[in-house]
Amino acid sequence: MPSKDSEAVEKRLRPEMAYLVRQDVLVIRLSGRILQDVSESLMNFLAGRRLEADSRVVLNLAEAVYLSSSAIGALVRTASECRVKLAPLSDAARKVLELAEILPMLDIASSEEQALRDFAAGAPPAG
């Protein structure tokens with residue numbers, strides 16, 4: 001029988017994607033290990049939403065424990081197609097994006113709420 005600790009670790013690593021719309025902004029929360037299958041699901045989901053250049057998306061990576069190269073590609077592609085803010089970033093996600101040298105190209109807010117306030121205020125992208 002698995003221990004409670006091993007169950008907690010397994011749950012933390014399990015990839016999940018959830019979304020909601022707040023203040024006309026699509027908020028997507030990604031958690032766990034974000035591998036190719038989740039990256040493909042994200043891209044398919046966004047393609048189905050028919051996002052335009054002025055569409056606003058917050059990607060919450062606070063609970064992401066790992067980002068694969070396909071996840072990084074999905075983030076960059078999404079950021080090139082619409083207005084995206086990453087908010088907040090887990091330490092693991094920040095480290096991977098720093099190592100990939102793409103962090104300066106992305107717009108990052110300290111929290112989901114800050115990203116929504118920035119969008120509401122019409123703040124320009126950071127990059």
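The values are calculated or read from the model by the stated rules, or taken from the named source; none is laboratory data. Just so it is clear, the model here is predicted, and its values are computed rather than measured. Note that each Cβ is placed from the backbone with ideal geometry, even for glycine, and that neighbours are counted across all protein chains shown.
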Next on the checklist: If I filter the range 94-127 down to residues being part of a helix (DSSP H, G or I) and touching a residue at least 40 places away in the same chain (Cβ under 8 Å), which single residue comes out as nearest to M17 (Cα to Cα)?
Outcome noted: E112
Checklist entry - Any residue in the range 19-30 that is acidic (D, E), at pLDDT 90 or above and not in a loop (DSSP other than H, G, I, E, B)? => result no
Checklist entry - Can you find even one residue in the range 69-81 that is at pLDDT below 95, surrounded by fewer than 17 Cβ atoms within 10 Å (Cβ to Cβ) and touching a strand residue (DSSP E or B) at 6+ places or on another chain (Cβ under 7 Å)? => result no
Next on the checklist: I'd like the full set of residues that are within 13 Å of the chain's Cα centre (by Cα), of a type outside the set (K, R) and assigned to a helix (DSSP H, G or I), limited to the range 71-90.
Outcome noted: A71, I72, G73, A74, L75, V76, T78, A79
Next on the checklist: One residue is enough: does the range 53-67 have a residue meeting the conditions free of Cβ contacts under 8 Å to residues at least 40 places away in the same chain, surrounded by fewer than 16 Cβ atoms within 10 Å (Cβ to Cβ) and in a helix (DSSP H, G or I)?
Outcome noted: no
